[in-house]
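Report on one structure; see the data block that follows.
The values are calculated or read from the model by the stated rules, or taken from the named source; none is laboratory data. Because the structure is a prediction, the values reported are computed rather than measured. Here the Cβ positions follow ideal geometry from the backbone for every residue, glycine too, while neighbour counts run over all protein chains shown.
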């Protein structure tokens with residue numbers, strides 16, 4: 001009997017952890033608690049050992065992950081820089097509350113642009129394209145809130161990338177090297 | 001896979017620390033690394049074995065318990081047909097249970113209406129047809145005898161026993177049908193009771209069952225399995241909905257056409273054509289055979305004065321049904337179904353027919369498409385095709 005109670009308690013605690021991670025995530029922050037409950041039943045909880053690969057660059061990507069516990073390091077393979085290590089060039093480290101891989105939510109059979117590797121015993125929540133499609137079909141109000149936030153994230157990334165590109169072009173100009181390509185009119 | 005794991009494992013201090021937590025401090029770093037790789041590999045193998053065991057037991061039970069396969073096939077068909085309606089009601093704020101129950105009730109009412117309208121007519125026609133079968137057999141044998149005589153006079157002496165061959169074939173086939181009818185009915189009663197029940201729970205809990213199975217999938221193939229599961233599911237759904245729609249349209253056109261011609265047994269022949277149409281490529285031909293046979297041998301099948309003209313009219317009705325199917329339904333559907341080579345289609349149908357008869361023929365194409373999808377995904381995973389080499 002005790003064991004049963006313990007298990008019941010454990011299950012609800014796990015659900016709470018998932019829901020908390022979702023509520024605190026930028027993409028799901030507009031959802032009501034009922035909608036969050038709906039999403040928490042859809043997401044996939046995955047655990048990784050330290051050093052285990054979540055996905056590799058060029059794998060077909062299906063969706064995004066939210067870090068619930070542990071750390072994730074992101075690498076890009078760079079053949080021009082052999083000194084960059086076995087995993088490739090270190091890009092960034094993600095910890096609790098961060099999310100990654102969200103471009104795959106809107107890209108049909110897109111390929112991963114980087115490799116993600118767990119750095120501790122890591123727990124992730126996976127939210128994938130089929131799940132997003134299901135949310136849009138069964139709960140369109142929640143779906144549109146998520147899509148709007150997703151668009152905001154992707155827009156911000158695009159803006160950052162554009163700024164970075166123009167900074168680099170400026171730097172190249174100052175060095176006196178002609179830019180490698182002309183901006184499209 | 002080993003290369004993949006090797007690249008996954010690294011020698012950062014944090015990682016070594018966590019590995020030494022598992023294996024103790026008295027071992028060298030390369031030994032720790034090897035132990036870590038072995039641990040991950042062992043875990044993956046265990047998870048994979050668990051996954052395969054779950055899948056094999058599910059498929060084993062479905063295949064080997066009598067009647068269960070048919071019930072499951074029908075349950076899948078029902079759940080694929082009703083899923084969009086359940087989602088529609090749920091999207092409008094109803095709970096999942098109510099959203100699933102409403103389409104079931106509506107479908108139940110519709111089916112009850114159809115049964116009260118069509119079943120008496122179909123039963124009467126079936127009964128009349130059954131009484132006429134010996135006469136048709138006789139007429140058919142007369143016809144083959146006529147052909148035989150003409151052939152005999154042509155080839156002088158080389159007597160071909162066509163009528164004897166035809167009579168034994170036709171008697172065995174029609175005999176089969178009436179002998180297997182009671183068994184078929186009792187089996188279909190089980191299916192009629194079980195299939196809606198299964199379908200109800202598939203719609204209610206199917207997705208969470210799928211998710212629980214996915215939870216056992218090892219990390220390195222998780223996304224591939226999830227994607228595959230989704231692709232197979234949506235392709236099967238598209239396939240089932242398209243087939244049912246095709247069946248209804250073909251059956252409807254045949255029914256109206258034959259009624260318009262004043263041809264006997266229009267209802268039963270239309271139902272037969274609709275069901276046969278589920279078999280790709282060959283189904284439409286099978287579906288037309290009974291009507292053509294009746295038009296050939298029976299005076300009842302002569303809807304106009306000329307025998308050959310009435311035959312042409314009957315064939316015309318079936319051709320029109322297929323034409324509407326090809327012009328309106330197939331363009332809508334083809335993109336949703338995995339492209340199988342026509343030879344693969346025919347071979348799959350033959351294998352299906354050998355293994356499970358008519359049901360085998362109907363489910364052969366979705367099964368072949370799923371096998372193709374799964375093997376493609378596994379092949380790509382093994383080769384790890386990079387986009388640069390592919391695009």
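Per-residue answers, yes or no, for (1) within 12 Å of chain A (Cβ to nearest Cβ); (2) farther than 30 Å from residue A:38 by Cα; (3) out of contact with any strand residue (DSSP E or B) (no Cβ under 9 Å at 6 or more places or on another chain):
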{"position": "B:49", "(1), (2), (3)": "no, yes, yes"}
{"position": "B:54", "(1), (2), (3)": "no, no, yes"}
{"position": "B:62", "(1), (2), (3)": "no, yes, yes"}
{"position": "B:72", "(1), (2), (3)": "no, no, yes"}
{"position": "B:81", "(1), (2), (3)": "no, no, yes"}
{"position": "B:84", "(1), (2), (3)": "yes, no, yes"}
{"position": "B:88", "(1), (2), (3)": "yes, no, yes"}
{"position": "B:93", "(1), (2), (3)": "yes, no, yes"}
{"position": "B:100", "(1), (2), (3)": "yes, no, yes"}
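I need the full set of residues from the range A:65-79 which are more than 11 Å from chain B (Cβ to nearest Cβ) and either touching a helix residue (DSSP H, G or I) at 6+ places or on another chain (Cβ under 7 Å) or outside any loop (DSSP other than H, G, I, E, B) (or both), in order please.
Those that are more than 11 Å from chain B (Cβ to nearest Cβ) and either touching a helix residue (DSSP H, G or I) at 6+ places or on another chain (Cβ under 7 Å) or outside any loop (DSSP other than H, G, I, E, B) (or both): A:66, A:67, A:68, A:69, A:72, A:74, A:76, A:78.
Filter the range B:206-227 down to the residues that are without any contact (Cβ under 8 Å) to a residue 24 or more places away in the chain and more than 11 Å from chain A (Cβ to nearest Cβ) and list them by number.
If the condition is that a residue be without any contact (Cβ under 8 Å) to a residue 24 or more places away in the chain and more than 11 Å from chain A (Cβ to nearest Cβ), then B:209 is the only one that fits.
Examine the range B:186-202 for a residue that is within 14 Å of another protein chain (Cβ to nearest Cβ), closer than 29 Å to residue A:104 by Cα, touching a helix residue (DSSP H, G or I) at 6+ places or on another chain (Cβ under 6 Å) and modelled with pLDDT of 85 or more, and state whether such a residue exists.
no
For the range B:301-324, which positions are more than 27 Å from residue B:347 (Cα to Cα) and out of contact with any helix residue (DSSP H, G or I) (no Cβ under 7 Å at 6 or more places or on another chain)?
Result: B:305, B:306, B:307, B:308, B:309, B:312, B:316.
Determine, yes or no, whether residue A:35 is at pLDDT 90 or above, within 13 Å of chain B (Cβ to nearest Cβ) and either surrounded by fewer than 19 Cβ atoms within 10 Å (Cβ to Cβ) or farther than 24 Å from residue B:230 by Cβ (or both).
Here the answer is no, as residue A:35 does not meet what is asked.
Filter the range A:120-157 for residues that are crowded, with 22+ Cβ neighbours inside 10 Å and within 8 Å of another protein chain (Cβ to nearest Cβ) and give the result.
A:128, A:139
Counting only residues that are under 13 Å from residue A:65 (Cα atoms) and not in a helix (DSSP H, G or I), how many does the range A:99-111 have?
Qualifying residue count, the range A:99-111: 3.
Check whether at least one residue in the range A:92-109 is surrounded by fewer than 21 Cβ atoms within 10 Å (Cβ to Cβ), touching a strand residue (DSSP E or B) at 6+ places or on another chain (Cβ under 7 Å) and within 12 Å of another protein chain (Cβ to nearest Cβ), and report yes or no.
There is at least one residue in the range A:92-109 that is surrounded by fewer than 21 Cβ atoms within 10 Å (Cβ to Cβ), touching a strand residue (DSSP E or B) at 6+ places or on another chain (Cβ under 7 Å) and within 12 Å of another protein chain (Cβ to nearest Cβ).
Among the candidates B:129, B:110, B:105, which residue alone is part of a helix (DSSP H, G or I) and surrounded by 14 or more Cβ atoms within 10 Å (Cβ to Cβ)?
Of B:129, B:110, B:105, the one residue that is part of a helix (DSSP H, G or I) and surrounded by 14 or more Cβ atoms within 10 Å (Cβ to Cβ) is B:129.
From B:282, B:245, B:269, grab the single residue that is closer than 18 Å to residue B:321 by Cα and buried (at least 19 other Cβ atoms within 10 Å of the Cβ).
Criteria check complete, one pass: B:269.
Determine whether residue B:233 is more than 30 Å from residue A:63 (Cα to Cα) and modelled with pLDDT under 85.
In short, no.
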